[in-house]
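Coordinate-derived values only; no laboratory data. Only a predicted model underlies this, so the values are computations on that prediction, with no experimental measurement involved. When we count neighbours, we look across all protein chains shown, and the Cβ atoms used for this are built from the backbone with ideal geometry, even at glycine.
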């Protein structure tokens with residue numbers, strides 16, 4: 001089946017540094033990728049929608065200058081958390097939409113645990 | 001913004017018991033999905049329901065989509081410790097729209113099944 005690979009699976013960084021998270025669709029072309037954030041024992045909150053070759057669309061309340069999204073190809077989207085702070089510590093999950101159909105399947109990555117110290 | 005209200009938020013039961021998780025909205029959804037997520041991993045799709053009144057079964061799990069397509073339920077029969085996890089319902093963001101991948105998630109139900 002279709003696989004979405006997220007890397008790294010976990011990362012620890014110091015406050016003020018930037019961290020890049022990659023989301024790759026391994027055996028399909030992802031027309032659209034989505035980035036979610038999840039706090040412990042809570043649900044997923046959509047941060048942004050990423051379309052290949054165009055600017056990401058951010059949800060209300062998500063700082064686009066802090067969470068930089070690049071979708072350079074149909075198989076790769078990256079999320080960069082700039083000048084990370086402890087409150088950015090969270091579980092970040094991407095999903096990738098396969099195809100263009102109205103019910104085209106979504107595939108989720110395994111998430112990245114970010115800890116900012 | 002469409003909202004999905006999921007209940008209960010926490011469920012702790014003994015092995016062998018039955019349980020039901022509910023997902024309700026005041027809005028109509030073209031489809032609803034149920035996911036299961038384990039700690040440190042991404043959500044895994046269990047089922048998609050698209051027709052009002054639809055019932056789908058996946059081994060001991062039974063999923064139902066309300067006739068008006070505003071609610072759904074997940075029923076687990078004879079729960080096992082391996083069923084432990086976070087269960088999430090989700091639906092497309094566009095009101096009554098088709099699934100273009102942008103999902104609204106319910107708050108989730110943390111299920112713990114004790115041996």
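Before moving on, here are some points about what is shown:
- Length-normalised contact order of chain A in % [C-alpha pairs under 8 Å, at least 6 apart]: 37 percent
- Cubic angstrom per residue, convex hull over Cα atoms of the protein assembly as shown: 118 Å³
- Calculated P(r) tail over 17 Å for the range A:1-45, as whole % of Cα pairs: 51 percent
- Overall, the anisotropy analysis places the range B:32-83 in the oblate class: the square-rooted eigenvalues a ≥ b ≥ c of its C-alpha gyration tensor yield a/c not less than 1.5, with a/b not exceeding b/c.
- Remark: chain B projects, on average over all directions, an area of 6.5 nm² (convex hull of Cα atoms).
- Alpha-carbon gyration tensor eigenvalues x 5, square-rooted, for chain A, Å: 23, 14, 13
- Using alpha carbons only: equivalent-ellipsoid semi-axes of the range B:1-55, gyration tensor based, whole Å: 22, 15, 13
- Footprinting exposure proxy for A:107, A:85, B:75 (fewest neighbouring C-beta atoms within 10 Å first): A:85, B:75, A:107
- The modelled label-to-label distance between residue B:68 and residue A:115, using points 7 Å beyond Cα along the C-beta direction, is 4.7 nm.
- Figure legend: label point modelled 7 angstrom from the Cα of residue A:59 along Cα→Cβ; residues of the range B:42-73 with amide N under 17 Å from it are B:42-44.
- Mean Cβ count within 10 Å, highest first, over the residues of peptides A:54-64, B:58-68: B:58-68, A:54-64
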